[in-house]
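Visitor: Just dropping this structure here.
The values are calculated or read from the model by the stated rules, or taken from the named source; none is laboratory data. What you are looking at is a predicted structure, and each value in this text was computed from that prediction instead of being measured. Cβ sites come from the backbone with ideal geometry, for glycine too, and all protein chains shown count toward neighbours. Keep in mind that these areas ignore ligands, DNA and RNA; they rest on the heavy atoms of the full protein, side chains included. Shrake-Rupley method; radii C 1.70, N 1.55, O 1.52, S 1.80 Å.
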Amino acid sequence: MSESLTAWVQRYRLLILTAITVLGAFLRLYQIGSLPPGDGYDAAQYGLDALQILDGARPIFLAANFGREALFSYLVVLVYTFTGPGALGIHLSSALIGIATIPAVYWAARELLDGDEEVLHVWASLLAALVTAVSYWHLNYSRAGLRVIWVPLFAALITAALWRGLRRENRLSLAAAGILLGLSQYTYQAARLLPLLVVAGFLLTYLSRRSFNRRDLVDMLLTFGLALLVFAPLGLFALDQPQVFNDRLRQTALLDQSADMSQQIAGIGDQAVVALRMFFIEGDYEPLYTIPGRPSLNAFLAAAFLAGIFVALWCWKRPAMLYLLAWLLLLAAPAMIADQAA
């Protein structure tokens, strides 16, 4: 029975994925013009950015509001051509990114689990998409009108393209991973950790097969070369104006070079506890973005999250499982060193 059900799901997986994406779209678009009921200065700033771009400005990086990557503001401009200027266009922009993330997560899971048991390959990818579609955490930020929502989308797309390229020795996919990696740097500060995720993918693949040859070197050069090429305009800006480029990091980082090492370690440890509590016990208290104090995961998803970590640790010899753990640790790191965990 289970085998026939899995075969049925495999046959109709794209139809099921479409249904899941439609569900996620409904949750992100329902009353998007009035929920959330108010805006903070961050969302408003994107509207101002978009108006400046419509007036002819072409920023690579936005210096206002502690410095911000510009890609989200350009998307707002595109959405404004349909909605006109206003709060709706800002929130619709983040909602569209959130919707796109659902099939992107499905694709990433398919590529990561390619070659595993059919049951895992079929069900886990659809389950990953479903969890993304209904995730309280992702749903909130999909509707909030903030550029941070780019990061899950790019992390999923980069992962999918990278693992497709590595498993199938497909340089077109690796080239796509490189282009996506470069483009991700125009989204949000946390995306600056994504190159480490790509490095992890390459290293885990080569270590698992215990070989590294000339083709592998060319693959890495292709991926990171294209990433650097796409990143170049922003990289030149960062070299020319490092204070502006890193202002937001300085504003939020807990690390204080005037304090001694023990104080810095203690501060990071305290913040790590806050970040971990955010998952299961007590979340952010900012009412603009969440129900104050509500943890990001409900009891069911918290149990599934911990079970997933256990399975990944149990199957640590599989490169894909170690990669998932690396993904979790790297993208949780900003919450561990920033003065706000959410």
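Visitor: Quickly work out the GLN263-to-ILE281 label distance, labels modelled 7 Å from Cα along the C-beta direction, and quote it in nm with one decimal.
Guide: Simple spin-label model gives 2.6 nm for this pair.
Visitor: Considering the chain as a Gaussian network with a 10 Å cut-off on Cα pairs, which listed residue, ASP116, ASP42, ASP55, attains the greatest mean-square fluctuation?
Guide: Maximum fluctuation in the GNM of the chain, among the listed residues, is at ASP55.
Visitor: Could you give each residue of the stretch 312-317 its phi-based ³J(HN,Hα) in whole Hz, using Karplus coefficients 6.51, -1.76, 1.60 with θ = phi - 60°, and x for Gly or Pro?
Guide: Those phi angles translate into 4, 5, 5, 9, 5, 6 Hz.
Visitor: Residue by residue, what Karplus-based ³J(HN,Hα) values in Hz, rounded to whole numbers, does the stretch 273-286 have, using 6.51, -1.76 and 1.60 with θ = phi - 60° and x for Gly and Pro?
Guide: Running phi through 6.51 cos²θ - 1.76 cosθ + 1.60 with θ = phi - 60° gives 5, 4, 5, 5, 4, 4, 5, 10, 10, 8, x, 5, 10, 7 Hz.
Visitor: In the stretch 13-52, carbon and sulfur make up what percent of the accessible area (probe 1.4 Å)?
Guide: 71
Visitor: In addition: Mind checking the full-extension length gain between LEU203 and ARG294? Use 0.36 nm per residue of separation minus the Cα-Cα distance, one decimal, nm.
Guide: The LEU203-ARG294 span can extend by a further 29.0 nm.
Visitor: Can you give the Kirkwood hydrodynamic radius for the stretch 96-162, in Å, rounded to one decimal and based on Cα pairs?
Guide: 12.0
Visitor: Read phi for every residue in the stretch 232-245 and hand back ³J(HN,Hα) as whole Hz from Karplus 6.51 cos²θ - 1.76 cosθ + 1.60, θ = phi - 60°, with x for Gly and Pro.
Guide: The phi angles translate into 3, x, 5, x, 5, 4, 4, 5, 6, 9, x, 5, 5, 5 Hz.
Visitor: Between GLN271, GLN243, GLN263, which gets the highest mean-square fluctuation from a Gaussian network model of the chain, Cα cutoff 10 Å?
Guide: GLN263
Visitor: Take LEU23, project a point 7 Å from its Cα along the Cβ direction, then tell me which residues of the stretch 66-94 have their backbone nitrogen under 12 Å from it.
Guide: Counting backbone N atoms under 12 Å from the label point, the list is empty.
Visitor: Under a GNM of the chain (C-alpha, springs under 10 Å), which listed residue has the highest mean-square fluctuation: LEU112, LEU88, LEU174?
Guide: LEU88
Visitor: Starting from the Cα-Cα distance between ALA307 and ARG210, subtract it from 0.36 nm times their residue separation and give me the gain in nm to one decimal.
Guide: Computed gain between ALA307 and ARG210 is 32.0 nm.
Visitor: I'd like to check one number: the per residue accessible area of the chain, probe 1.4 Å, reported in Å² as a whole number.
Guide: Heavy-atom SASA per residue in the chain reads 51 Å².
Visitor: Take the Cα pairs of the stretch 217-312, get the Kirkwood Rh, then feed it into Stokes-Einstein at 20 °C and 1.002 mPa s and tell me D in µm²/s.
Guide: Calculated translational D: 122 µm²/s.
Visitor: State, in angstrom, two size descriptors of the stretch 182-244 derived from its alpha carbons: Rg to one decimal place and Dmax to the nearest whole number.
Guide: 14.2, 43
Visitor: Could you work out the mean projected area of the convex hull around the alpha carbons of the stretch 1-59, in square nanometres to one decimal?
Guide: 7.5
Visitor: Still on this structure, I have one more. Between Rg and the Kirkwood Rh of the stretch 139-295, both from Cα atoms, what is the Rg to Rh ratio?
Guide: 1.04
Visitor: Using the alpha-carbon centroid of each, what span in Å lies between the stretch 37-69 and the stretch 95-134?
Guide: First find each Cα centre; the distance between them is then 32 Å.
Visitor: Sorted by mean Cβ packing within 10 Å, highest first, what order do the peptides 154-162, 292-300, 219-227 take?
Guide: 154-162, 219-227, 292-300
Visitor: Going toward the positive end of the dipole of the chain, with +1 on Lys and Arg Cβ and -1 on Asp and Glu Cβ, which of MET321, LEU88, ALA100 do you reach last?
Guide: Most positive-ward Cα: MET321.
Visitor: Let me ask something else. Give me the extension gain from GLN31 to LEU54: residue separation times 0.36 nm, minus the current Cα-Cα distance, reported in nm with one decimal.
Guide: 5.6 nm
Visitor: Ignoring trypsin sites (Lys or Arg not before Pro) that are buried or in helix or strand per DSSP, and keeping those with at most 14 other beta carbon atoms within 10 Å, what is the longest stretch of the chain between them?
Guide: By the stated rule (loop sites, at most 14 other Cβ atoms within 10 Å), 1-209.
Visitor: How far apart, in nanometres, would the label points at VAL119 and TYR41 be if each is projected 7 angstrom from Cα along the Cα-to-Cβ direction?
Guide: Placing both labels 7 Å beyond Cα along the Cβ direction yields 5.5 nm.
Visitor: Moving on to the next point. Can you give me the P(r) profile for the chain? Cα pairs, bins 20 angstrom wide beginning at 0, each as a whole percent.
Guide: Taking all Cα pairs of the chain, the binned fractions are 27, 61, 12, 0 percent.
Visitor: Principal axes first, then extents: for the Cα atoms of the stretch 24-168, list largest minus smallest coordinate on each axis, whole Å, largest first.
Guide: Principal extents (Cα only, largest first): 53, 32, 27 Å.
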